[in-house]
């Protein structure tokens, strides 16, 4: 997405940022990502994240961004990578603090995934693609960078599912494949919760039903 595709939001002028001392360039990079994430939270629209709007929010000149990011998609990729890392940390904490029973741990992970999507709707939508993700070759991004997104979080689900198999509580034969299937199913449910205002939801937990069926729990 080019800088001229969408007008920058009317963001109040920010105070001029104090220049980093020698060796503190990494702090500016984090400030840029914090500003991009804040714009997502404030607007719910990834189109609001432009080089100009980010620079304005940080309090720097737009060309200063190029020392850390070659273009807008590179900023968005870094934001998304950081959010996927946060999701993985969230799921890892849940897994470590869940009940010892593998079945209960898997249920806890599924519900934790949904809570994360509901608590961070703007960032969550952006994590799974959208206008920020350009055609490969049209930006600085590579296929390798994009295909690795979410791998750590999926690994946590796959390990939990494998634990269910080892405990005799699941009959799946390919935990790696079924973890991806479960991820996609929960993502679809998270999307429905976000976009559907009125729906005849059954009394039983749909999340629990998805987990039980995909994981083939006994």
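Suppose the filter is part of a helix (DSSP H, G or I) and at pLDDT 95 or above; does residue 56 pass it?
The answer is yes for residue 56.
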Among the residues of region 91-108, is any farther than 18 Å from residue 164 by Cβ, in a helix (DSSP H, G or I) and touching a helix residue (DSSP H, G or I) at 6+ places or on another chain (Cβ under 6 Å)? no
Here the residues within region 64-78 that are surrounded by fewer than 20 Cβ atoms within 10 Å (Cβ to Cβ) and either in contact with a helix residue (DSSP H, G or I) (Cβ under 6 Å, 6 or more places away or on another chain) or at pLDDT 95 or above (or both) are 68, 78
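One line per residue, one yes/no per condition, for (1) within 24 Å of residue 43 (Cα to Cα); (2) more than 13 Å from the chain's Cα centre (by Cα); (3) surrounded by 19 or more Cβ atoms within 10 Å (Cβ to Cβ):
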| site | (1), (2), (3) |
| --- | --- |
| 115 | yes, no, no |
| 149 | yes, no, no |
| 153 | no, no, yes |
| 176 | no, yes, no |
| 184 | no, yes, no |
| 193 | yes, yes, no |
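Looking at 140, 170, can you tell me which residue is exposed (fewer than 14 other Cβ atoms within 10 Å of the Cβ) and touching a helix residue (DSSP H, G or I) at 6+ places or on another chain (Cβ under 6 Å)? Give the derivation first.
Details: 170 fails: exposed (fewer than 14 other Cβ atoms within 10 Å of the Cβ).
After ruling out the rest, the residue left standing is 140.
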For region 80-106, pairs from a residue that is closer than 30 Å to residue 32 by Cα to a residue that is in a loop (DSSP other than H, G, I, E, B), with Cβ under 6 Å and 6 or more apart or across chains, are 84/149; 84/150
All-but-one check, residue 86 against (1) part of a loop (DSSP other than H, G, I, E, B); (2) more than 19 Å from residue 211 (Cα to Cα); (3) assigned by TED's automatic domain parsing to the domain that holds residue 190, failing number (1)
Note on residue 119: of the conditions (1) surrounded by fewer than 14 Cβ atoms within 10 Å (Cβ to Cβ); (2) more than 24 Å from residue 218 (Cα to Cα); (3) modelled with pLDDT of 95 or more, unmet is (3)
So, first residue under 16 Å from residue 150 (Cβ atoms) and not assigned by TED's automatic domain parsing to the domain that holds residue 122 in region 178-201, second residue modelled with pLDDT of 90 or more and in a helix (DSSP H, G or I), Cβ within less than 9 Å, six or more apart or across chains; the pairs are none
Taking region 85-109 and keeping residues closer than 26 Å to residue 46 by Cα and buried (at least 20 other Cβ atoms within 10 Å of the Cβ) leaves 87, 91
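The values are calculated or read from the model by the stated rules, or taken from the named source; none is laboratory data. Since this is a predicted model, take the numbers as computed values, not measurements. Virtual Cβ from ideal backbone geometry, glycine too; neighbours counted across all protein chains shown.
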